[in-house]
């Protein structure tokens with residue numbers, strides 16, 4: 001399969017490209033800087049239009065690109081987070097739709113999304129049929145997914161992988177947590193009772209590959225191998241690193257420092273289950289949090 005990947009230089013993008021290449025797929029990147037393009041890559045500035053001819057030779061597109069959300073949520077940053085996902089997805093979707101109508105390719109558009117779609121929902125188990133939540137991230141995810149409708153309406157198989165906390169020590173949230181835990185100054189956030197859904201990086205890449213190859217998978221797909229409370233996550237990581245985790249960060253302190261982002265990223269409770277992947281026959285390799293962290297950090 002010939003696959004075009006946007007966001008290929010990020011943590012998840014690198015893992016997906018590596019796995020797809022090992023599986024003998026032909027992988028090319030959608031890149032901004034022509035000087036960094038490899039032979040066969042497609043160059044595209046997000047502010048400009050993407051032409052159907054640029055994507056017509058690919059069997060599938062994996063779309064991951066978007067401005068990181070782990071930053072201070074100023075009004076400018078929030079506008080950029082929303083626009084980078086909605087405008088970019090819309091242009092890729094429209095190019096894919098026209099190319100498919102003309103040539104029958106690409107047959108699939110696999111888009112990144114996030115469990116932020118559900119908002120903060122306490123102990124409720126959230127599957128793909130659950131209603132969207134409220135808040136900035138829920139609004140972003142809803143518009144993000146809606147931006148791919150032109151491709152779906154044209155007949156392209158569109159899937160939205162609603163990704164949970166991706167764990168790997170080389171980057172992402174876990175890499176940011178490790179210094180505090182290793183120095184013994186980490187602890188639960190707020191009450192610690194909020195659910196954190198998680199998935200390993202290698203299972204994330206495997207899921208994208210599985211979705212590419214499974215034609216019956218489309219629409220929203222939850223990507224979470226497990227869910228634990230923040231307190232349990234904290235105790236487990238401390239136990240793996242042989243460090244104390246007796247401290248705690250009060251919710252008001254988090255809100256003082258991070259504002260709105262604290263409520264939606266650190267204190268939000270999302271207990272997600274991956275029903276559609278399970279029903280399609282996918283099996284996660286990393287399902288136990290402690291064993292997964294020990295594999296990374298032993």
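The values are calculated or read from the model by the stated rules, or taken from the named source; none is laboratory data. Quick caveat, the model's predicted, so the values are computed rather than measured. Cβ coordinates were reconstructed from backbone atoms using ideal geometry, including for glycine residues, and neighbour counts include every protein chain displayed.
Some notes on this structure:
- Scope the range 285-298; condition buried (at least 20 other Cβ atoms within 10 Å of the Cβ) and either part of a loop (DSSP other than H, G, I, E, B) or in contact with a helix residue (DSSP H, G or I) (Cβ under 6 Å, 6 or more places away or on another chain) (or both); matching residues: 286, 289, 293
- Members of the range 179-198 found to be in a strand (DSSP E or B) and more than 17 Å from residue 268 (Cα to Cα), listed by number: none
- Listed conditions (1) at pLDDT below 95; (2) farther than 16 Å from residue 112 by Cβ; (3) assigned to a loop (DSSP other than H, G, I, E, B) are all met by residue 35, apart from (3).
- Checking residue 221 against (1) part of a helix (DSSP H, G or I); (2) under 30 Å from residue 152 (Cα atoms), the condition it does not meet: (1)
- Scanning the range 26-54 for residues that are touching a residue at least 40 places away in the same chain (Cβ under 8 Å) and more than 24 Å from residue 140 (Cβ to Cβ), we see that the one that is surrounded by the fewest Cβ atoms within 10 Å (Cβ to Cβ) is 53.
- Which numbered condition residue 147 fails, given (1) over 13 Å from the mean Cα position of the chain (by Cα); (2) crowded, with 16+ Cβ neighbours inside 10 Å; (3) more than 18 Å from residue 220 (Cα to Cα): (3)
- Checked against the criterion of being under 28 Å from residue 263 (Cα atoms), surrounded by fewer than 20 Cβ atoms within 10 Å (Cβ to Cβ), touching a residue at least 60 places away in the same chain (Cβ under 8 Å) and under 19 Å from the mean Cα position of the chain (by Cα), the candidates 184, 219 yield just one match: 219.
- Here residue 91 passes the criteria (1) touching a strand residue (DSSP E or B) at 6+ places or on another chain (Cβ under 7 Å); (2) assigned to a helix (DSSP H, G or I); (3) within 28 Å of residue 138 (Cα to Cα) except the one numbered (1).
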